Amino acid sequence: MNNLNKNILEKYKPVFLKWERRRIYYNLILFITFIYALLILDKDIIFKFKPQIVICMWILYGIGANVLYLVAPISESYFSWLGFHKNWFSWIIFIVGIIISVFLVFICVLYPI
């Protein structure tokens, strides 16, 4: 690995590690939202389709949510590279991401397929 790649890795590794610590809270919030959505929304949704398919789709949506979570540290790294180094900006990205994800959880519970 050349020096340029090492410098980039050293500069942005803390950003990604910070976001990985937040991933636990992200998944916990989405899981609680998912359970809440199941309780307050149509309770028979799982029986409208084959239950195995619905459960597999929900698992795939969860994996997709975690893949899309990478947008946050990539965005923060990009803005940092542009010279925007504000600590509160990272929290805004996190909160906006949570709001979007919670909305998508409700959509995925209502329309699993």
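Descriptive notes on the structure:
- Between Ile74, Ile99, Ile40, the Gaussian network model of the chain with springs among Cα atoms under 10 angstrom shows the greatest mean-square fluctuation at Ile40.
- The Cβ shell under 11 Å around Tyr69 holds other residues with a net charge of +1, Lys and Arg each +1, Asp and Glu each -1.
- Net charge, Trp91 excluded, C-beta distance under 14 Å - Lys, Arg +1, Asp, Glu -1: +3
- Residues in the range 50-84 reached by a label modelled at Ile99 [backbone nitrogen below 14 Å; 7 Å Cα→Cβ]: none
- Surrounding net charge for Trp19, when Lys and Arg each add one and Asp and Glu each subtract one, Cβ distance under 14 Å: +3
- When the P(r) of the range 55-99 is calculated, the portion above 17 Å amounts to 42% of the C-alpha pairs.
- Correct option for Cα extents along the principal axes in Å [calculated from the coordinates] among (i) 56, 31, 19; (ii) 34, 34, 23; (iii) 38, 37, 21: (i)
- Residue of Leu30, Leu41, Leu82 that the Gaussian network model of the chain assigns the largest fluctuation, springs spanning Cα pairs under 10 Å: Leu82
Bear in mind that the values in this text are calculations on the coordinates, not laboratory data. Given the structure is predicted, the values throughout are model-derived calculations rather than measurements. Heads up, the Cβs are rebuilt from the backbone with ideal geometry, glycines too, and the neighbour counts pull from every protein chain shown.
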